[in-house]
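Before any comments, here is the structure.
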Amino acid sequence: MTISYQKTSSQYTPSFITREALLVKLFLNKYIFDKKTYILILISILPLLTTGNLQFPDFEDYIELIGPSSIFSFIIMPLITLVLGVSAIADEKENKTVSQLLSRPVTREEIVIAKWITIMLIGLVIVIIDSLILYFGFILLVPESIGLLENSLELIKVWIYLGLWFSVYATIFLFLGVWIDKNAFGLGLAIAYFEAFFSQFIFGSLTGNSPFSISNHINYVASKYLLPNYIDFTIIDFEPFTSLLICIGLILGFLFLGCFFMRKKDFP
């Protein structure tokens, strides 16, 4: 008599959202214990040092210190986005943990997307910490600026503006980190600190605020939709909604390119 056994097996396959959530949690834990994260936070509060030079600051002074044409937008934010974006995949390769990630039941595209979500969250935290320190720094160091507390809604709009700024540039630098192993930091530095200036010098004399500058489109969106009472910025022959679409297109486009080149990448 032969006995036949019927093999029954049930395999649970986590959903895409579950896999992404697990990856993001893993990456966030790494950033929490990474000294680089706290160094970036310390660097990001440098605008606070200039607060004491203002006698009666109001919200316009706050925007000048943290908005377009400020040391924060032209130096600190590019540095933060550059470090987080370029090192997102490079750190995994340097620490030789990329092979462990690739051995998990996730695709390479999911790794890139999870990294992008993680650096967006880290960037949002840094932006909020910095802007709040500067915001309450005004109030604590210069009591006459207590009226700033009436602008809490405007403060949220500042976060959205800086979040848009961070999202566009960090996504570009994430792509560079995936695409180029060497010189990615240097190339990202050139983009971060010179794209606005070169586009203005080359095209700006003929077209006013140049549409070839990424930062110009971000500032245009902020001036029309977020902070119209504090930012006056226009790109000639362009609609602000078009600039918004360009920003969204840059984020989605470079995220797609990052996923594409991650698939083609050879890791040891």
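The numbers here are math on the coordinates, done by the rules we state, and not lab data. From a predicted model like this one, the values you see are computed outputs, not experimental measurements. Neighbour counts are summed over all protein chains in view; Cβ atoms, including those assigned to glycine, are modelled from backbone coordinates with ideal geometry.
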Based on alpha-carbon atoms only, what is the radius of gyration of region 207-268 relative to the globular estimate 2.2 N^0.38 Å?
1.48
Starting with the fewest neighbours, write out Asp61, Asp130 ranked by other beta-carbon atoms found within 10 Å of each beta-carbon.
Asp61, Asp130
Ranked Val98, Val178, criterion: other C-beta atoms within 10 Å, fewest first:
Val98, Val178
In straight Cα distance, which lysines are under 29 Å from Lys25, not counting same-chain residues fewer than 8 positions off?
Lys35, Lys36, Lys93, Lys96, Lys115, Lys157, Lys182, Lys264, Lys265
Sites matching chymotrypsin sites (Phe, Trp or Tyr not before Pro) across region 217-255 that sit in DSSP coil, with at most 11 neighbouring C-beta atoms within 10 Å:
none
If r is the Cβ-Cβ distance from Glu109 to Ile39 and R0 is 41 Å, what FRET efficiency results, to the nearest 0.05?
0.85
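What list do you get for Glu20, Glu239, Glu92 if you sort them by fewest beta carbons within 10 Å?
Glu239, Glu20, Glu92
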